[in-house]
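Read the structure below first, then the notes.
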Amino acid sequence: MSDDGTRGTGALRAEAEDERVFSAPKITINRVYTRQGDGGMTRLVGGQRVPKDDARIETYGTVDELNALIGAARQTLIELLPGAPAGSAERLGELGRTLLRVQHELFNLGSILATLPEDVHPKQPRVTQAEIAALEAEMDRCQDDLAPLRSFVLPGGSRLNTDLHVARTVCRRAERCCVRLAQAGHADPMAVGYLNRLSDALFVWSRWAAALLGTREILWEPDASASGGKPPPA
């Protein structure tokens, strides 16, 4: 406390940090390349050096890939907004905000995946049951606007639909990587559940985006193949 009885800046910062659910990033990036990874090794959050093809690196690297694809889908959505059908722009904007939130959540997930269990700090960013519950609630809301499916759907119909499907498939790959870590006891137990629910959400969002944009969904028709001889719909 200062001489006049007020709290100092350091105390206020500590109090603000205590109120956070997760710790703020403590990094400074003023140079991107270090040459330290030229030998095929990298460091985890706890400082351990591991090969770049380690299962943990593959897992959070795939989560990073997923994050980039969701960013691409969100950018597609933003560019579609000016020409969106009347009445759909607000809900598409809501989807855009949700996708941005998911990007932050995926970075939180990457933080915990890049850390060995014994090095995890209490306030280290991670995904929790709250993130899983939010995805479930959003899927339920979107499903209220969608007709029941009578077949599987193929990616396509619009750029946004396709981008979300690409993200969905990479999300499934990230989930498989995470399952391998979990089976060895090296993954946060919430990670697999979150990625499982997120892949479902991306599927629902792809359908919801098609409905909001008024674009046709492409349904799987087994006979629309060389063997079946039925021409696929244009």
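Annotations for the structure displayed:
- Taking amide H atoms as placed 1.01 Å from N in the peptide plane, the amide H of Leu116 lies under 5 Å from those of Val45, Gly46, each 5 or more residues away in sequence or on another chain.
- Amide H to amide H, with H built 1.01 Å from N, Leu154 comes under 5 Å of Ile218, Leu219, Trp220, counting only residues 5 or more places away or on other chains.
- As a size descriptor, the averaged projected area of the C-alpha convex hull of region 58-180 was calculated at 9.0 nm².
- By the compact-protein rule of thumb, 2.2 N^0.38 Å, the alpha-carbon radius of gyration of region 140-234 corresponds to a ratio of 1.31.
- Region 152-174 residues near the modelled Ala72 label - backbone nitrogen below 18 Å, point 7 Å along Cα→Cβ: 155-174
- Carbon/sulfur fraction of accessible area - region 70-180, other protein chains in place, 1.4 Å, %: 57 percent
- Region 43-152, relative contact order [Cα under 8 Å, separation at least 6], %: 31 percent
- Computing FRET efficiency as 1/(1 + (r/R0)^6) for Glu65 and Val179, where r is the C-beta to C-beta distance and R0 is 25 Å, gives about 0.90.
The values are calculated or read from the model by the stated rules, or taken from the named source; none is laboratory data. This structure is a prediction, so every number in the text was calculated from the model and none was measured. Note that each Cβ is placed from the backbone with ideal geometry, even for glycine, and that neighbours are counted across all protein chains shown. We work out accessible area using only protein heavy atoms, side chains counted, and drop any ligands, DNA or RNA first. Shrake-Rupley method; radii C 1.70, N 1.55, O 1.52, S 1.80 Å.
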